[in-house]
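Some notes on the structure that comes next.
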DNA sequence: CTTGACGCGTTATGATATTACATACATAGA
DNA sequence: TCTATGTATGTAATATCATAACGCGTCAAG
Ligand SMILES: [Zn+2]
Ligand SMILES: [Zn+2]
Ligand SMILES: [Zn+2]
Ligand SMILES: [Zn+2]
């Protein structure tokens, strides 16, 4: 079973595992996980949440890295391009990918209470979308599917 | 058959029809279609494309309306709240709704060549998304589904 | 006639993102 | 070893998108 952001889990192990997969994935593609990039990924992995570029930048600056926007944007763009992070359009923010290496275009589930972001398998959704688009003669190349709602934890009165 | 942004059609009739539906829809809800709001809707209706708030603002200013961002944002927000326009997250832009009055949460199909935006019926897509979310215990309240690709016209070598 | 709700105009500011250029660093020939 | 080259980082400046806060005019209810 994949890590489940919405449920209690050993997040240390969770993020370590993702980090390892990320390293392996990058090594395979020959791209370099530099200190800035690695640190940004670690920061994103601290919680199952999306962070704005400027939030990331602030963290980087506090740790002695550059403090201008391109420093953060470049690292984030790198991670996105290499499938190690996703951009959440709705939030103007970025989240670590929980399945690096596996080619995928997930649907994002964003809890409006606790801001947790999870990736859901989007294949059936994507198939439905492709179908609807095909009815209009449209060819889908990339899709962003983002849902806002309540995660299990926040729905329970608990 | 609905108006088909991707195919040749009598757009004058197309936009007039939407405008009428919009007026009817607003009248039913008691909200007021003021000159600024009406003009913004007309501007959005000029083409099946999304426009940024500042593009709209520029048009408004050129016609003697206010030239500060809130003028455009207020009118656009009003239109979105009343179901007469949609916000396209991916583009930071707004498009007129082609089915005002009918409650709907469409999927958007955005041609990367000609920038045309169309609304596709999203019910099946939404159902698939709800299913995938339910598997994780997540309740979807609102979803944005936006596809980038090629419209029929731009795919043909023609 | 007053009052209050609403729409609009304006100033100012905040938040997000990119361009352009300079500098440092790695590594692969010569 | 010594450059040459590509890549990564640092920085300044600017562009783009969005909102907060305030004041004025209009109009209808009381
Ligand atoms: Zn975790
Ligand atoms: Zn939650
Ligand atoms: Zn039309
Ligand atoms: Zn097209």
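Since every read-out is calculated from the coordinates, none of them should be taken as a lab result. Bear in mind that the values here come from a model prediction, so they are computed numbers and not experimental data. Positions of Cβ are generated from backbone atoms using ideal geometry, with glycine treated the same way; all protein chains shown enter the neighbour counts.
Summary for residue A:99: label point 7 Å along Cα→Cβ; distances to the equivalent points in the other copies, ascending, 2.9 nm. From Cα pairs below 8 angstrom and at least 6 apart in sequence, can you work out the relative contact order of chain A, rounded to a whole percent? Reported relative contact order: 23 percent. For the protein assembly as shown, the share of alpha carbon pairs falling in successive 10 Å distance bins from zero is 6, 23, 29, 25, 13, 4, 0 percent. Using only the alpha-carbon atoms, how far is helix B:69-81 inclined from the longest principal axis of chain B? Give it as 0 to 90 degrees, nearest 10. For helix B:69-81, the angle is close to 50 degrees. A label point on residue B:28, set 7 Å along the Cα-to-Cβ line, lies at 5.3 nm from each of its counterparts in the other copies, closest listed first. Here each label is just a point 7 Å from Cα along the line to Cβ, and for residue A:135 and residue B:81 those points are 3.2 nm apart.
Peptide A:102-111: average number of partner chain Cβ atoms within 10 Å per residue?
Mean partner shielding for this stretch: 3.
Taking a ≥ b ≥ c as the square roots of the eigenvalues of the Cα gyration tensor, region A:35-142 is classed as prolate, since a/c reaches at least 1.5 and a/b is larger than b/c. Pairs of Cα atoms nearer than 8 Å and 6+ residues apart set the relative contact order; for region A:56-133 it is 15 percent.
Placing one equal scatterer on every Cα of region A:1-81 and applying the Debye formula, the log10 ratio I(q)/I(0) at q = 0.10, 0.12, 0.13, 0.25 Å⁻¹ is -0.25, -0.37, -0.43, -1.23. Separation of region B:1-77 and region A:68-139 by C-alpha centroid, Å? When both Cα centres are located, 30 Å separates them. Computed from Cα atoms, the angle from the helix B:123-135 axis to the main principal axis of chain B rounds to 60 degrees. On a 0 to 90° scale, report how tilted helix A:35-45 is relative to the longest principal axis of chain A, with both axes built from alpha carbons and the result rounded to the nearest 10. So the inclination is approximately 50 degrees.
Counting Cβ atoms of other protein chains within 10 Å of each Cβ in B:122-135 and taking the mean gives 6.
Note on A:8-14: average number of Cβ atoms from other chains within 10 Å of each residue's Cβ is 0. Across the identical copies, the label point of residue B:63 (7 Å from Cα in the Cβ direction) is separated from its matches by 5.1 nm, in order from shortest.
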